[in-house]
Amino acid sequence: MIRPILLAGAVVALPSLAAAQGLQFDGTVTVGANFNNINIDGAGPPFDDISLNGYSLDFDGDIHFDENFSVGIGAAINSGDLSIDTTDLNIDLMSFYVEPTYNLGNGGYVGAYVRMYDLDVSPGGIAIGADLTNYGIFGGYDFGQGHVEVFYGMTELDDPNDVIGDNLDITDFGISGSYQAMPELDIFGAFYYTNISAGGTDIPISAFSVGAEYDLGNGIGLYGAAGLLNLDLSDAIPTAEDIQATNLTLGASYDLSMQGSLPLVLSAEYSRTNIDLANGITIEPTIDRFALGVTIPIGNGSTTALNSNTRSARGDYRSALEAVLNSF
C-alpha cells in the first residue's frame, strides 16, 4: 500500500516542482479498472473459466527545459487477482521510465530511454518476482500531420538467483507512426520485434498493431485497434509451429471539459484476444477484457487513457514483451 501512495504523491507534486523551476510540464494521469475473463476452450474445468481483475494508476509526462530539450517520465502500478477455481494469485506490476529527447529542428528528434518493470506474483502469500529493464535509443520525424519513429535497444531480465536472466540476450526493435487523415480522424500503427537468444537458440517475438480514433464532437470519441502477435519456436523446437494471438479493441471516450465541466475524460473499452497454439492442439484460449478509465490531462497533456489496449498501436512501448505485459 505504501508504493501506490508514494507514486500518487509524486504525480501530484511534479507539476508544482516543474512550475517552481520555471519549466513547462505536460502530463496525463489515468486511474483505471480492468476485468479479464480467460476461457481455455477444450481444457475443461477449472481452466475453462479464469478471471484476472484489478486496478491501475498510470502517469506519463514531459518536462520541457527549452524548445529543444525535454525529458519524458512515466510510472505505473497495476495490481490484480488471478482466480482459478478456488486458487487466487495476487499479481503486481510496477514500472518507471525516463526518456530524454533532443529536438534537432525541422521536425527531427533523437533520444534515449530506460524503462524498468517489477513483476511480483504471490501464490499462497509467497512472493515470487522478476525485473525487466529496457534501454536503448530512438529517433523520429514529426511532419505536422503525423510522425514516424524507430527505436533499438536491449532488455535485461533479473530473476530470483539469476537462473534465467544470466543466460538470455534480448534485443528489441520497433517502428511506429501516426497520420491525421482528417481533423476528426487519427490513424496510427506500430511494429515491435523482440529476439530472445539463449545458448545459440533464438526465439523471435513480433507484434503488429494498427488503430484509429475518430472525434464525433461534443467531447465524444470512438477508437479501436487490431493487432497480431507471433511467437516463433521453430529454432528451439524444430517440429513446432508459430504461436499466434490476434486482438481487437473497441472503445469510446467522453471529455467532460467540452461541456464546461471538470477536466476529466471518461473511457470504456472492450478487447478480445484469440490465441492459436497450432500443432494440432485443440485447446483455444480466448481473453475478454473490459476496461474503465478516468483520465486527467495536465497542461497540454494527452486525453488518451493510459490503460487502453490501443497503446501498442500508438507506439507507446519499447519491446514486444512490454506490449504483452501491459495488455491485461
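General observations
- Count of the range 172-218 residues, restricted to those that are touching a Lys or Arg at 6+ places or on another chain (Cβ under 8 Å), among the small types (G, A, S) and within 28 Å of D242 (Cβ to Cβ), is 4.
- Test: residue in the range 90-99 that is under 30 Å from I287 (Cα atoms) and of a type in the set (D, E, K, R): yes
- Pairs, first within 27 Å of L104 (Cα to Cα) in the range 58-84, second surrounded by 19 or more Cβ atoms within 10 Å (Cβ to Cβ) and of a type in the set (S, T, N, Q), C-beta under 6 Å, six or more apart: D60/T28; D62/S70; H64/S70; S70/T101
- The set of residues in the range 241-270 that are small (G, A, S) and surrounded by fewer than 15 Cβ atoms within 10 Å (Cβ to Cβ) comprises S257, G260, S261, A268.
- Any hit, the range 19-28, residues being acidic (D, E), within 19 Å of the chain's Cα centre (by Cα), under 15 Å from I296 (Cα atoms) and at pLDDT below 95: no
- Criterion (modelled with pLDDT of 85 or more and either more than 26 Å from T201 (Cα to Cα) or under 16 Å from the mean Cα position of the chain (by Cα) (or both)) met by exactly one of D232, D316: D316
- Residues of the range 215-240 that are closer than 15 Å to L185 by Cβ and exposed (fewer than 15 other Cβ atoms within 10 Å of the Cβ): L216, G217, I220, L222.
- Conditions (1) at pLDDT 95 or above; (2) outside any strand (DSSP E or B); (3) not basic (K, R); number of the one not met by A33: (2)
The values are calculated or read from the model by the stated rules, or taken from the named source; none is laboratory data. Bear in mind that the values here come from a model prediction, so they are computed numbers and not experimental data. Every residue, glycine as well, gets a Cβ built from its backbone with ideal geometry; the counts of neighbours run over all protein chains shown.
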